[in-house]
Structures are given as C-alpha cells and as structure tokens.
There are 4 protein chains.
Amino acid sequence: MPHQISDRMQECIDRCQSCQETCLESVPHCLELGGKHAERDHISMLIACAEICDTSARFMLLGSAYHARTCEVCAEVCDACAKDCERLGDDDTMKHCAEACRRCAESCRQMAKTAA
Amino acid sequence: MPHQISDRMQECIDRCQSCQETCLESVPHCLELGGKHAERDHISMLIACAEICDTSARFMLLGSAYHARTCEVCAEVCDACAKDCERLGDDDTMKHCAEACRRCAESCRQMAKTAA
Amino acid sequence: MPHQISDRMQECIDRCQSCQETCLESVPHCLELGGKHAERDHISMLIACAEICDTSARFMLLGSAYHARTCEVCAEVCDACAKDCERLGDDDTMKHCAEACRRCAESCRQMAKTAA
Amino acid sequence: MPHQISDRMQECIDRCQSCQETCLESVPHCLELGGKHAERDHISMLIACAEICDTSARFMLLGSAYHARTCEVCAEVCDACAKDCERLGDDDTMKHCAEACRRCAESCRQMAKTAA
C-alpha cells in the first residue's frame with residue numbers, strides 16, 4: 001500500500017487540482033475582458049494561486065511531512081485570490097473561480113491543522 | 001466566454017491531471033517496494049511523466065496554440081511510462097498507473113491530431 | 001557519478017532557467033505597461049514559455065531520455081516567444097526577453113538533434 | 001520598470017534555482033547508489049525541495065506579496081533536506097546538495113523576515 005492517502009487528503013488534492021485549473025483558465029479570460037480584470041496584481045494572483053495549489057497537491061501525493069506547511073500557505077493565497085475574484089465578481093468565471101478558491105482554502109486549512 | 005475549452009479538451013485536461021496524480025503517488029509506493037520498482041529509470045520516468053502531464057494541462061488551460069506540441073510529447077512519454085509500469089505490473093498500483101497513462105496518451109494523441 | 005551531464009547539456013539547463021526567469025518577470029512588467037503588452041496572447045505566451053523551459057530543464061536533470069522531445073518543443077515555443085517580444089520590442093525588458101528566448105532555443109535545438 | 005527585484009531578492013531567486021537543480025539531479029544519482037540513498041523519505045524530500053524552491057522563485061519573479069510565505073516554508077524544507085543529505089554525506093553529490101540547500105535556506109529566511 002502507498003502512504004495511506006486518507007479521504008480527507010484525497011479531497012484536498014482534488015480541490016487543489018480544481019483550483020489550479022480554474023485559476024489558470026481565468027488568466028486568458030480576464031486578459032480578454034481587460035480593464036480591472038487585466039490589472040497586474042489580479043493576473044499575478046491567479047498565476048501564483050495556481051502554482052501553490054499544484055505544489056501542495058504534489059507534497060501530499062509524494063507523502064511529504066511538509067504538506068501541512070504548504071497547505072497552510074495555500075489556504076492563505078486561495079483566500080486572498082477568492083477575495084480578489086469576488087471584488088471583480090460581475091461575471092460567472094470570477095464567481096466560479098472564487099468558489100473553487102474558497103473550497104480549496106477550507107480543505108487546506110484542515111490539512112494544516114490535522115498535521116500540526 | 002473564455003477560450004472555448006471543448007469537451008474533448010476538457011477530457012484531456014482531466015486525464016492529464018489524473019495521470020500526474022497517479023504517477024506522483026506511485027513514486028513513494030515504488031520506493032517502498034524496492035527492487036525493480038525503485039530502479040533509477042522507473043522512478044525518473046514516473047516523475048518526468050507527471051511533469052509533462054502538468055505542462056500539457058497548463059498549455060490547454062492557458063489557451064496556448066502550442067498545446068498540440070506538448071500533447072504530442074505527452075502521449076509519447078505516457079505510452080512509455082505505461083509500458084514501464086506494465087513490465088512491473090504485479091501489483092494494483094502499477095496496473096492503475098499504466099491505465100491512467102494509457103487513457104492520457106489516447107486523449108493527448110487526439111488533441112495533437114486535431115490541432116495539426 | 002550521476003548521469004553525466006555534459007557541458008552542452010549544462011549550458012542548455014542554464015539557458016532554460018534564465019529564459020523561465022526572464023519570461024516570468026516580464027509578466028507583471030507587461031501588465032503594468034498595458035496596451036499591446038497586456039494582450040491575452042502575449043501574456044499567455046510568456047507563461048507557457050516559462051513552463052516548457054522549466055519542464056525541459058527538469059527532464060535533463062532527471063536524466064530522462066525524452067529530454068530531446070521536450071527540448072524540441074521548447075525551441076519552437078522559445079522562438080515564437082522571441083518573435084512576439086521583438087514585435088513589442090520598444091523597451092529593454094522585451095529586448096532582454098527576446099534574447100534569452102533565442103539563446104534558449106538555440107541550445108534546445110542542439111540537444112534535440114544530438115539525441116535524435 | 002518591472003517590480004523592482006532588489007539585489008537581495010535576485011540572489012534568493014538564483015539560490016532557489018541552484019537548489020532546485022542540485023536536488024533534481026541528485027534523484028537519479030541517489031537511485032543509482034541504492035541503499036540508504038534510495039530510501040523513500042530521502043527521494044521524496046529531494047523532489048519536494050526542488051518543487052518548493054521553484055515555487056518560491058516564481059512567486060518572487062511574479063512580484064507576489066506572498067513570496068515571504070513561500071520563502072518561509074522553502075527555508076524549512078531546505079534545512080530539512082540539507083540535514084538529510086548531510087546524514088548520507090559520504091559522497092560529493094550529497095555534500096554539494098546540502099550546501100545548495102543551506103545557501104537557499106539562508107536567503108529565503110532573509111526574504112521571509114524582510115517582508116514581515
């Protein structure tokens with residue numbers, strides 16, 4: 001048997017992957033919309049959020065003891081990204097992205113606490 | 001609307017993510033088993049396969065025209081990784097990994113052809 | 001000894017890392033400038049180019065036989081990214097980015113040929 | 001001008017890239033050596049360390065305010081990886097890897113403090 005990926009961890013991995021996906025596909029969408037959606041800090045936030053989600057999923061899959069630390073940071077970045085998307089939340093893509101970020105943040109916070 | 005992710009492309013993204021996941025969680029599993037499972041070329045193959053799957057998914061999500069080229073390479077690496085897992089296929093994890101690689105290779109080959 | 005990283009491969013790894021770096025730091029720069037610099041296809045190109053550079057470097061470092069294939073795609077993407085930066089090349093950052101892409105493409109093409 | 005990458009931040013990015021490189025090329029090396037070098041926790045540590053180094057460098061290059069948080073985790077993982085390599089430090093590759101990890105951890109700790 002591998003390193004026992006619990007149901008809770010599997011859910012967290014799934015949400016990290018969904019969040020990475022939603023953030024990355026929001027990048028061309030927001031650039032197309034232009035205006036506030038294409039501002040530097042929003043686009044950088046989307047790319048950075050996709051990045052830490054991928055890294056947290058990888059730490060869990062590899063069985064690294066440090067997944068609790070990457071999940072802690074992931075929860076913070078996802079919450080900030082959700083807030084940023086809600087601020088611009090006048091279209092479905094941003095609402096959808098904010099929801100994916102919130103779900104990922106919730107799971108990551110649980111993983112960070114469980115391991116501490 | 002974003003850059004029109006077709007059903008076929010969405011399926012390919014999903015399979016790339018599943019394959020990345022299965023390959024990465026196979027790394028600690030195979031290292032634990034030891035012997036042929038822990039040989040250099042097998043472990044390197046699993047890590048490299050996870051990597052190109054993630055990159056191909058990212059190219060599709062970003063709407064890059066070059067996703068056809070990354071998908072083409074991804075199909076080759078996934079086929080090679082599947083063959084390598086089948087060679088060691090005396091446990092469920094390796095069988096499961098080979099299947100995920102084959103499904104991803106199939107989708108990636110379609111994406112590579114469609115765009116050509 | 002590890003898997004014999006030749007001088008030529010080491011140079012290619014270095015250029016992939018430089019290109020990833022220059023492309024990624026150009027993203028916030030171009031978004032700040034706005035206009036043509038912040039268009040969807042240019043920003044997506046910069047992110048995708050950084051991605052395949054990182055993946056090619058990883059394949060070489062891991063000793064994967066498929067580095068020739070990722071380097072081949074990397075050379076194509078880098079050439080396209082260089083052309084895109086040259087088109088906007090009215091500032092030093094874009095000139096600098098185009099140069100890093102050209103140097104990386106040159107090394108990657110050599111690696112693709114050597115292995116074939 | 002881009003987002004003002006200070007000399008100290010540039011040094012940290014360079015060390016993250018060097019550490020990612022050294023950790024990844026140590027993977028096939030350690031698998032070849034076998035024995036304690038090929039144990040699950042050591043190999044997983046090398047891959048995870050390469051991963052968080054890459055992510056921290058990307059956060060700095062993108063100008064994300066959260067680079068301080070990824071650098072903080074990066075410093076912890078690098079210190080743990082250095083300790084793990086020193087434990088096996090009977091060959092030059094492990095000594096070299098431990099040094100790259102220590103240098104990266106030192107820079108990342110500075111970046112984490114400066115931003116706090």
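The values are calculated or read from the model by the stated rules, or taken from the named source; none is laboratory data. All values derive from a computational prediction rather than experimental measurement. All Cβ positions, even for glycine, are placed from backbone atoms using ideal geometry, and neighbour counts span all protein chains on display. Ligands, DNA and RNA are excluded from the accessible area calculation, which covers all protein heavy atoms including side chains. Shrake-Rupley method; radii C 1.70, N 1.55, O 1.52, S 1.80 Å.
General observations
- Over segment D:1-53: Rg over Rh, Cα atoms, Kirkwood Rh: 1.19
- Counting protein heavy atoms only, segment C:38-116 has 50 percent of its accessible area on carbon and sulfur, 1.4 angstrom probe.
- Across all directions, the average projected area of the convex hull around the alpha carbons of the protein assembly as shown is 19.4 nm².
- Between chain B and chain D, roughly 900 Å² of accessible surface gets buried, counting both sides and using a 1.4 Å probe.
- Taken about its Cα centre, segment B:3-47 carries a charge dipole of roughly 140 debye when the Cβ of each Lys and Arg holds +1 and the Cβ of each Asp and Glu holds -1.
- Averaging the sequence gap over all C-alpha pairs within less than 8 Å and six or more residues apart, then dividing by the number of residues, gives chain B a relative contact order of 32 percent.
- Counting all C-alpha pairs of chain A, share separated by more than 23 Å (%): 27
- When only alpha carbons are used to place a centre, segment A:40-116 and segment C:34-48 end up 24 Å from one another.
- Relative to the dominant Cα principal axis of chain D, helix D:67-87 is inclined by about 20°.
- Segment D:25-116, accessible area per residue, ligands and nucleic acids excluded (1.4 Å, Å²): 35
- A Förster radius of 35 Å, combined with the Cβ-Cβ distance separating A:H96 from C:E76, puts the computed FRET efficiency at roughly 0.60.
- Inter-chain shielding of D:65-76 (mean C-beta neighbours from other protein chains, 10 Å cut-off): 5
- Around the Cα centre of chain A, unit charges on the Cβ atoms of Lys, Arg, Asp and Glu (plus for the first two, minus for the last two) sum to a dipole of about 460 debye.
- With 50 Å² as the minimum drop in accessible area between chain alone and full protein complex (1.4 Å probe), the qualifying residues in segment C:14-46 are C:Q17, C:E21, C:L24, C:E25, C:P28, C:L31, C:E32, C:R40, C:S44.
- Two-site label geometry, D:K36 and B:K36: point separation in nm, points 7 Å out along Cα→Cβ: 2.9
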